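Contents: one structure, followed by commentary.
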Amino acid sequence: MALRRFDIEAGGDSFAFKPETEEKIAFWRGKYPADKQRSAVIPLLWLAQKDNGGWLSEPAMREVADRLEMPYIRVYEVATFYTMFRLQPVGKFHVQLCGTTPCQLRGAEALKEVCTKEIGKPMYVTDDKRLSWEEVECLGACVNAPMAQINDDFYEDLTPESLSDILGRLRHGADVTPGPQIDRVNSAPEGGTTVLTDPKLFDGSRASLSALPNLPAPAAAAPAPAPTPAPRPEPAVAAPAPKDDLKRINGVGPKYEQMLYDMGITHYSQIATWSQETVDKTEELLGFKDRIDREKWVDQAKLLAAGKFDEHEREFGQGKD
Ligand code: FES
């Protein structure tokens, strides 16, 4: 690992978290008991880095240490060990270019040349303060190699041309689109999917092969009305309850939501009562395994069925820093 030193001069004398960050700090500190508050050091350093323009100054690290009542050296040790923490100023858009083997084999070397040509040496900040770059180790998106992370977003399947275009757009304030830069959806094959293409797998017809144990019982046939001499007003017919938005459950996308609807699963309260047998059967019908437990669909559904949307967001939402 390269020796990493603070940029003392650029850091100035003081640092303060932004007022709107305080809520996030409280959230992370709330995860740990009072005598284990220092366990929040990494998320607090991350928030400090965000509030400090993308890098950690020495005063920012001191602020984190003071908040968590930690010796300064303990916080410095964490910040200097993890390369996700940057110890010198970066541009408004900081490019972390993956140079590990899969990306290397797929053209990362040429991308480095683009960064050097259009930005400069690693960690150099352009005069307009908009761009900087560094080479990093695997960012976990090898299947879409070569790739780079720019601020919080991944840009994948890059070519020298597409990276150059992205850098130019960022420099001039134009929109850029994260994700794969070629014709593929997420990590699906280039040019379109080649497996699981039978529409019968997704049109719900497989659901008819099996009945789930906790489906609502079919309504009993209504008794024939007794003849009455005088006309009576029609009884009001209750409108069916609207379906719940099952996509709120983290792990359920539009496709699985439709498949669940087709099976008659339309409300959080149904999922909230699933037994393990039902979970296993549902997974069989949806065509995957061990995912419902892993993604805690039942626990999520219990919160949503109880109307605890905020609690669900805190526990299972995607927007947590
Ligand atoms: S090797 Fe580049 S993302 Fe894994």
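The values are calculated or read from the model by the stated rules, or taken from the named source; none is laboratory data. No experiment lies behind these values; they were computed from the predicted model shown. With ideal geometry, Cβ positions are generated from the backbone for all residues, glycine too; neighbour counts draw on all protein chains shown.
Among the residues of region 132-156, which ones are of a type outside the set (Gly, Ala, Ser), within 11 Å of the ligand (Cβ to nearest atom) and within 13 Å of Gly99 (Cβ to Cβ)?
Glu135, Val136, Glu137, Cys138, Leu139, Cys142, Pro146, Met147, Gln149
Looking at region 49-62, is at least one residue within 16 Å of the ligand (Cβ to nearest atom), outside the structural domain of Asp310 (by TED's automatic domain parsing) and either of a type in the set (Gly, Ala, Ser) or without any contact (Cβ under 8 Å) to a residue 40 or more places away in the chain (or both)?
Within region 49-62 (the criterion being within 16 Å of the ligand (Cβ to nearest atom), outside the structural domain of Asp310 (by TED's automatic domain parsing) and either of a type in the set (Gly, Ala, Ser) or without any contact (Cβ under 8 Å) to a residue 40 or more places away in the chain (or both)), the answer is no, since none of the residues qualifies.
Given (1) among the acidic types (Asp, Glu); (2) assigned to a helix (DSSP H, G or I); (3) exposed (fewer than 15 other Cβ atoms within 10 Å of the Cβ), where does Glu63 come up short, assuming only one miss?
Going through the list (1) among the acidic types (Asp, Glu); (2) assigned to a helix (DSSP H, G or I); (3) exposed (fewer than 15 other Cβ atoms within 10 Å of the Cβ), Glu63 breaks only (3).
Can you say whether Glu69 is assigned by TED's automatic domain parsing to the domain that holds Gly12 and without any contact (Cβ under 8 Å) to a residue 60 or more places away in the chain, as far as the supplied structure shows?
Judged against the criteria, Glu69 is a match.
Only one of Thr159, Thr100, Thr80, Thr126 is hydroxyl-bearing (Ser, Thr, Tyr), in contact (Cβ under 8 Å) with a residue 24 or more places away in the chain and within 14 Å of the ligand (Cβ to nearest atom). Can you tell me which?
It is Thr100.
Would you mention how many residues in region 163-183 are within 16 Å of the ligand (Cβ to nearest atom) and surrounded by fewer than 17 Cβ atoms within 10 Å (Cβ to Cβ)?
Counting residues in region 163-183 that are within 16 Å of the ligand (Cβ to nearest atom) and surrounded by fewer than 17 Cβ atoms within 10 Å (Cβ to Cβ) gives 3.
Might you let me know whether region 193-206 holds any residue that is part of a helix (DSSP H, G or I), more than 16 Å from Glu109 (Cα to Cα), without any contact (Cβ under 8 Å) to a residue 12 or more places away in the chain and of a type in the set (Lys, Arg)?
Yes, region 193-206 contains a residue that is part of a helix (DSSP H, G or I), more than 16 Å from Glu109 (Cα to Cα), without any contact (Cβ under 8 Å) to a residue 12 or more places away in the chain and of a type in the set (Lys, Arg).
Please give the number of the condition Val95 fails out of (1) within 16 Å of the ligand (Cβ to nearest atom); (2) assigned to a loop (DSSP other than H, G, I, E, B); (3) not basic (Lys, Arg).
Looking at each condition in turn, Val95 falls short on (2).
Hey, among the residues in region 274-290 that are in contact (Cβ under 8 Å) with a residue 12 or more places away in the chain and surrounded by 14 or more Cβ atoms within 10 Å (Cβ to Cβ), which one's nearest to the chain's Cα centre (by Cα)?
Leu286
Can you pull out every residue in region 115-143 that is hydrophobic (A, V, I, L, M, F, W, C), in a loop (DSSP other than H, G, I, E, B) and touching an Asp or Glu at 6+ places or on another chain (Cβ under 8 Å)?
Going residue by residue through region 115-143, those that are hydrophobic (A, V, I, L, M, F, W, C) are 115, 119, 123, 125, 131, 133, 136, 138-139, 141-143.
So of that shortlist, the ones also in a loop (DSSP other than H, G, I, E, B) come out as 119, 123, 125, 138-139, 141.
Within region 115-143, Met123, Ala141 meet the criteria.
Answer yes or no as to whether Glu9 is charged (D, E, K, R), more than 16 Å from the ligand (Cβ to nearest atom), modelled with pLDDT under 95 and exposed (fewer than 13 other Cβ atoms within 10 Å of the Cβ).
Working: charged (D, E, K, R): yes; more than 16 Å from the ligand (Cβ to nearest atom): yes; modelled with pLDDT under 95: yes; exposed (fewer than 13 other Cβ atoms within 10 Å of the Cβ): yes.
Yes: the conditions hold for Glu9.
Take region 110-119 and flag every residue that is over 17 Å from Glu156 (Cβ atoms) and either within 16 Å of the ligand (Cβ to nearest atom) or touching a residue at least 12 places away in the same chain (Cβ under 8 Å) (or both).
Glu113, Glu118, Ile119
Say we look at region 143-156 and pick out the residues that are surrounded by fewer than 18 Cβ atoms within 10 Å (Cβ to Cβ) and in contact (Cβ under 8 Å) with a residue 40 or more places away in the chain; which of these is farthest from the chain's Cα centre (by Cα)?
Out of the qualifying residues, it is Val143.
Can you spot a residue in region 112-121 that is surrounded by 15 or more Cβ atoms within 10 Å (Cβ to Cβ), in contact with a helix residue (DSSP H, G or I) (Cβ under 9 Å, 6 or more places away or on another chain) and of a type in the set (Gly, Ala, Ser)?
no
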